[in-house]
Number of protein chains: 6
Amino acid sequence: MSRPSGRNADQLRPVSIQRKYTRHAEGSVLVAFGDTQVLCTASVEERGPAWKKDSGWVTAEYGMLPRATHTRGRREAAQGKQSGRTQEIQRLIGRSLRAVVDLSALSCCTITLDCDVLQADGGTRTAAITGSYVALVDAVAAMKKKGLIKGNPVHGQVAAISVGIHRGQPVLDLDYVEDSDCECDMNVVMNDAGHFIEVQGTAEGHAFRREELDRLLDLAQGGIAQLIEAQRAALAG
Amino acid sequence: MSRPSGRNADQLRPVSIQRKYTRHAEGSVLVAFGDTQVLCTASVEERGPAWKKDSGWVTAEYGMLPRATHTRGRREAAQGKQSGRTQEIQRLIGRSLRAVVDLSALSCCTITLDCDVLQADGGTRTAAITGSYVALVDAVAAMKKKGLIKGNPVHGQVAAISVGIHRGQPVLDLDYVEDSDCECDMNVVMNDAGHFIEVQGTAEGHAFRREELDRLLDLAQGGIAQLIEAQRAALAG
Amino acid sequence: MSRPSGRNADQLRPVSIQRKYTRHAEGSVLVAFGDTQVLCTASVEERGPAWKKDSGWVTAEYGMLPRATHTRGRREAAQGKQSGRTQEIQRLIGRSLRAVVDLSALSCCTITLDCDVLQADGGTRTAAITGSYVALVDAVAAMKKKGLIKGNPVHGQVAAISVGIHRGQPVLDLDYVEDSDCECDMNVVMNDAGHFIEVQGTAEGHAFRREELDRLLDLAQGGIAQLIEAQRAALAG
Amino acid sequence: MSRPSGRNADQLRPVSIQRKYTRHAEGSVLVAFGDTQVLCTASVEERGPAWKKDSGWVTAEYGMLPRATHTRGRREAAQGKQSGRTQEIQRLIGRSLRAVVDLSALSCCTITLDCDVLQADGGTRTAAITGSYVALVDAVAAMKKKGLIKGNPVHGQVAAISVGIHRGQPVLDLDYVEDSDCECDMNVVMNDAGHFIEVQGTAEGHAFRREELDRLLDLAQGGIAQLIEAQRAALAG
Amino acid sequence: MSRPSGRNADQLRPVSIQRKYTRHAEGSVLVAFGDTQVLCTASVEERGPAWKKDSGWVTAEYGMLPRATHTRGRREAAQGKQSGRTQEIQRLIGRSLRAVVDLSALSCCTITLDCDVLQADGGTRTAAITGSYVALVDAVAAMKKKGLIKGNPVHGQVAAISVGIHRGQPVLDLDYVEDSDCECDMNVVMNDAGHFIEVQGTAEGHAFRREELDRLLDLAQGGIAQLIEAQRAALAG
Amino acid sequence: MSRPSGRNADQLRPVSIQRKYTRHAEGSVLVAFGDTQVLCTASVEERGPAWKKDSGWVTAEYGMLPRATHTRGRREAAQGKQSGRTQEIQRLIGRSLRAVVDLSALSCCTITLDCDVLQADGGTRTAAITGSYVALVDAVAAMKKKGLIKGNPVHGQVAAISVGIHRGQPVLDLDYVEDSDCECDMNVVMNDAGHFIEVQGTAEGHAFRREELDRLLDLAQGGIAQLIEAQRAALAG
């Protein structure tokens, strides 16, 4: 059974991770999962979180350029608020990255990941998490160079991918065409030890069976292993 | 290994589902999972969704009374916006209920589930989903009685529970004390066929292994089977 | 001439004042005037008002659950602001309670009364004031127990009732049916010395004569005397 | 016992009502109660209220120029919302004027009274009501002239004044100095038949006795009779 | 070729600058350019800007009363935000005045110019700047008298006028009729040395040639010289 | 006298105009003026403006990615409103493009230019206008291809550049370093006939003389002629 894109069920789209994409940010990464392109910048500010003394913080904000999508969406800044979807995504990105950072080792600095979607074709939040990790590592390196921190507060690697059931078939890394027409989908965030950081599966149409869930998790594990490699290659480059 | 509440690992808190709690709503349910109390009302309005012709809609709104919690939280109406957390929860409740409703059979009516937490002790969103299902069924019965619809648009039962790993032990239905101190937790929404509608697992502290995930899903399945029974008993009462 | 409810002109609806309704708040009262039910919680925070040094503060917030009413109202948190009516009511509640409290004896603490209407059938603001007084007294007792204050900052008792002219007849404690069909109505707040704290009379349809105003004030005085008793009984219970 | 201004207890400040103060509005009145100056414009728009078919509407908006007061207040437009006080006042003005207008005779037009305080010295809301009545009459005359309406939808005259207890003495028409230092105050709105449209009495400090309330109402009746005359004179001018 | 008002191409409307228009503000000026009337108050607050230590600040806010115009505009406070036009204008006024003030000589005080349009007939922003200068000088004098400052922080005079091409003819000081029907217009702000502080020319319909631009600047220079005189006369008065 | 960048006074930074930068928009251009990079997309929607029958519309929205700048700025969507600066800029872009479009020939379509700054180094608004023109032309070509319009509604070319006085020397196309340290600057928008569409000059520090203004306009004319050529080359490519 073939996918609209002709990919195999367990095949990722071409992944590209381009560092130093813009000049000013401590970390700046353009990540692409096929036609999905997200600019992830990591900004370091020397102030800790208001609610937690003697600690640093890692947080994220997400945005979609109005015409990143097939039809123009309304600009959230002009509407005066972020949608529920945007807030859900940026909270997810922030939590995912905090799962691999020792906040107490950040010298009371805040690192903000800004994930702005330049072009959308499904999977923007998983691309954002995967790219943000690389931007975060670059930002931490910049902090070290500047003498802000000593050790390495990043104690693991994190990447994310979507999986779903499209026309009865469990598939990896859904693009927009599949996403619009799938029965259920799941975003999975894992670390380099192969453990789960977030699992968010949703079925509006068709509730999924335990064995389907198991198969989706298998697919995700395989995909994330490749993304972990791609991150390493980018950071080594 | 004992839990703070003395419960077994796979033991729910006492569940109570009280119908007709307030007078005006077509469905009005006070659901309690132990000390967590949520008032779920279902309101029928004879207008369909703006974006979908010839269809009805089911949606949800969630709120927490300012002093439902240990310390007073700020009132969202006074602050001028709903938090990201609130929006995430109400979107989850809406999706969960739509998964068991045939929207085209709603005669272009909208059913709104208002879930207001009177007292919070962990698990408010899972209680809200579980109680909302019962309020929804009552509202649909009222629609039938009023001649608005003929068949039964509700084609399945839906309930939800939280699970998590507390001090190394996978446990069912976390209360506030466990929730504040757990390494990872997951909200699971299932239907009466034992299939998954939503799975939302989060690990900020400790990433969970595949076998832990499997054990958590087992616990959730067991708990939800009991909640499905409790809903039936309430509706039969 | 009989009222829709069959009550006498000077007859209150059944009043019930239930303390310790929820667990977390320092004071938590469910007050009912007939079918009107308001949950009043009093929360103590150890910070004084920004604009007044060496003083405590008493303030109130009011909300109506969306389906407390016959038809669903829009949730203020979702709309992004409190209505003019809501603000008027919560300002009234706050002023009324401050009239019986010595703010300088509050040890720079703030007590917030949250009045949330679970079910509405007319007179929600008067029920809220009457119930909030009892919640306030419980909160002050909790402060004393905790050693925050020494003397008793509450130097009087306060209660409120509505009166109005329904079909030509001055009546006490209007329910929703009367309220929707009355020519003018007045909310009266008094203390246990029988003096007036607030008088708010409004006539959109029919302006009222001085002798009608006098009769309405008489009715209110009688009703409030009974509420003062009900508060005492609840606090003694 | 003398008042800070040297006025007698039952003496109004000098009242001036200047019509056609600005050019564009159908009615435009600058009303002064002593140093309090409010510009009241009445604007006619040929659209009825959304919620009431075959009816016109009368509504009001109130604003205070930032430096109308002794110290500069924040501009509500810049803050992004109207205060609770502003909303209370503009609701009061609207209700007061609707009490003397037959809305069904307004040919589905809306008349908006904009009351903007140029200079404040106490009593801005009562001046606003008193001046708005005159602007309303001018706007109705303009509607007649333009052929929008035939009969006279205004069936009564309305004016307002404040009264209060200042240093133990009941006084009429409080200025800022008295207002800041009074034990309780009351705004009274009456029609030309001497009947009450609104009575809003507030005592934060000292609850008032029934006989004090009676005396305050007497003072208000006397003051309003003079304002009714002043309106007539202005309209005759 | 005659203008709708019968004025010559280089003729200003009658200018009037009335000081001490309201009582409370340190500077209070009613400025009129023909039928355009703007109330400019200058308020002194003893706090400097948050972002600049050891400095004072001069800022402006602009508002239009809803019925200052031919048809009623919506009140910005009620809409919950200032329009883009309002913000542009108040930023322009602030910048223009700061151009003639030595902020470091303001003793860390902030002077706020509130420019509220009572009646609009074109050129409200230029009238606002011209009037605000006079209010500013009065406020600075008040500061001196109060001992807040010693020297004179105002090192120049500033005034503004509009120019435009109406029906092919370059004209000075456009009124509403001309403004609605002009091909391009320009607001010019100058100091008493005849130098430019702001030049804002806009052509939506007809792009203007360099020689037209030159002619418009000539007209503006001539007009502003007269305004500078009018300001001096008012301050001498 | 040399500029920080080593450029001559009348020298532009390297200009690049890259079409079809993203896939979905009808026009999509990445424009660079040196290190300033702005993504300009043109989106066609088949709905005209609400306030103008039988007409199309051209409008613009502007945004800056939070870390486009040296230090991170706050995300406007998260703050809940667009700054005054943002609104000023997007209004300028919209007006500038409308100056070369025959709106009545747009078949009641709206073209929205979204200008999002990926990297900022001074001159973002002028780059946005220059790039938006090219995106607009591409969008109009797409409309023609789709049969939405027949003739060419674009009747001229438009480009923009900044000029200013830096350390006493009039210079063209200021970068961030010059912009932060200049005495006055001006944004100039012109068409391909060499006429002015917008002139916005501002002097906070040093008011500029007429001859300086003349010199700045000369510089701008020279720069814009080059930009007009660059646009032509891009569109021919």
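The values are calculated or read from the model by the stated rules, or taken from the named source; none is laboratory data. In this text, all values refer to a predicted model and were calculated from it rather than measured experimentally. A quick note on method: Cβ atoms are made from the backbone with ideal geometry, for glycine too, and the neighbour counts reach across all protein chains shown. For accessibility, only protein heavy atoms count, side chains too; no ligands or nucleic acids. Shrake-Rupley method; radii C 1.70, N 1.55, O 1.52, S 1.80 Å.
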Count, please, the residues in region F:93-106 that happen to be more than 16 Å from residue F:42 (Cα to Cα) and either more than 8 Å from every other protein chain (Cβ to nearest Cβ) or part of a helix (DSSP H, G or I) (or both).
3
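One line per residue, one yes/no per condition, for (1) hydrophobic (A, V, I, L, M, F, W, C); (2) within 8 Å of another protein chain (Cβ to nearest Cβ); (3) under 24 Å from residue E:100 (Cα atoms):
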| residue | (1), (2), (3) |
| --- | --- |
| E:138 | no, no, yes |
| E:148 | yes, no, yes |
| E:160 | yes, no, yes |
| E:202 | no, yes, no |
| E:211 | no, no, no |
| E:224 | yes, no, yes |
| E:234 | yes, no, yes |
Of the residues in region F:187-207 that are closer than 17 Å to residue F:170 by Cα and over 14 Å from the mean Cα position of the chain (by Cα), the one that is most open to solvent (accessible area, probe 1.4 Å) is F:204
Among (1) over 17 Å from residue E:95 (Cβ atoms); (2) in contact with a Cys (Cβ under 8 Å, 6 or more places away or on another chain); (3) of a type outside the set (S, T, N, Q) - the single one residue E:223 does not satisfy:
(2)
Assess whether residue C:77 counts as being more than 15 Å from residue C:128 (Cβ to Cβ), buried (at least 24 other Cβ atoms within 10 Å of the Cβ) and of a type in the set (A, V, I, L, M).
yes
From the set of residues in region E:133-164 that are in a helix (DSSP H, G or I) and basic (Lys, Arg), which is surrounded by the most Cβ atoms within 10 Å (Cβ to Cβ)?
E:144
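One line per residue, one yes/no per condition, for (1) more than 9 Å from every other protein chain (Cβ to nearest Cβ); (2) open to solvent by 10 Å² or more (accessible area, probe 1.4 Å); (3) in contact with a helix residue (DSSP H, G or I) (Cβ under 8 Å, 6 or more places away or on another chain); (4) at pLDDT 95 or above:
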position	(1), (2), (3), (4)
E:9	yes, yes, yes, yes
E:14	yes, yes, no, yes
E:17	yes, yes, yes, yes
E:36	yes, no, yes, yes
E:43	no, no, yes, yes
E:48	yes, yes, no, no
E:51	yes, yes, no, no
E:59	yes, yes, yes, yes
Which residue out of E:112, E:130, E:126 is outside any loop (DSSP other than H, G, I, E, B) and touching a helix residue (DSSP H, G or I) at 6+ places or on another chain (Cβ under 7 Å)?
E:130
Does residue A:230 satisfy the condition of being open to solvent by 10 Å² or more (accessible area, probe 1.4 Å), without any contact (Cβ under 8 Å) to a residue 12 or more places away in the chain, among the small types (Gly, Ala, Ser) and more than 14 Å from chain B (Cβ to nearest Cβ)?
no
Looking at region A:85-92, can you tell me whether even one residue there is part of a loop (DSSP other than H, G, I, E, B), within 14 Å of chain F (Cβ to nearest Cβ), modelled with pLDDT of 95 or more and more than 23 Å from residue A:142 (Cβ to Cβ)?
no
Among the numbered conditions (1) more than 9 Å from chain B (Cβ to nearest Cβ); (2) touching an Asp or Glu at 6+ places or on another chain (Cβ under 9 Å); (3) assigned to a helix (DSSP H, G or I), tell me where residue C:78 comes up short.
(1)
Given the condition of a type in the set (S, T, N, Q) and open to solvent by 20 Å² or more (accessible area, probe 1.4 Å), answer yes or no: does some residue in region A:101-109 qualify?
yes
Among the residues of region B:66-75, the number that are more than 9 Å from chain C (Cβ to nearest Cβ) and in contact with a strand residue (DSSP E or B) (Cβ under 7 Å, 6 or more places away or on another chain) is 1
Condition set over 16 Å from the mean Cα position of the chain (by Cα) and part of a loop (DSSP other than H, G, I, E, B), scope region A:165-177, selection nearest to residue A:32 (Cα to Cα): answer is A:167
So how many residues does region F:185-211 have that are modelled with pLDDT under 95, in contact with a strand residue (DSSP E or B) (Cβ under 7 Å, 6 or more places away or on another chain) and either among the acidic types (Asp, Glu) or farther than 14 Å from residue E:190 by Cα (or both)?
1
Residue E:114 - would you say it is touching a residue at least 40 places away in the same chain (Cβ under 8 Å), among the acidic types (Asp, Glu) and more than 23 Å from residue E:134 (Cβ to Cβ)?
no
Suppose we filter F:215, F:210 for residues that are surrounded by fewer than 24 Cβ atoms within 10 Å (Cβ to Cβ) and under 22 Å from residue F:4 (Cα atoms); which single one remains?
F:215
Give just the number: which of (1) more than 9 Å from chain E (Cβ to nearest Cβ); (2) more than 18 Å from residue D:119 (Cα to Cα) does residue D:25 not satisfy?
(1)
Please determine whether any residue of region C:111-120 is surrounded by 17 or more Cβ atoms within 10 Å (Cβ to Cβ), among the hydroxyl-bearing types (Ser, Thr, Tyr), closer than 30 Å to residue C:222 by Cβ and at pLDDT 95 or above.
no
Report yes if residue B:63 is in a strand (DSSP E or B), closer than 29 Å to residue B:14 by Cα, within 14 Å of chain C (Cβ to nearest Cβ) and open to solvent by less than 10 Å² (accessible area, probe 1.4 Å), otherwise no.
yes
Quick one: would you say residue B:55 is among the hydroxyl-bearing types (Ser, Thr, Tyr), buried (at least 24 other Cβ atoms within 10 Å of the Cβ) and at negative phi?
no
For region F:178-186, check the following and say yes or no: at least one residue is away from every other protein chain (no Cβ under 12 Å), assigned to a loop (DSSP other than H, G, I, E, B), surrounded by fewer than 24 Cβ atoms within 10 Å (Cβ to Cβ) and under 19 Å from the mean Cα position of the chain (by Cα).
no
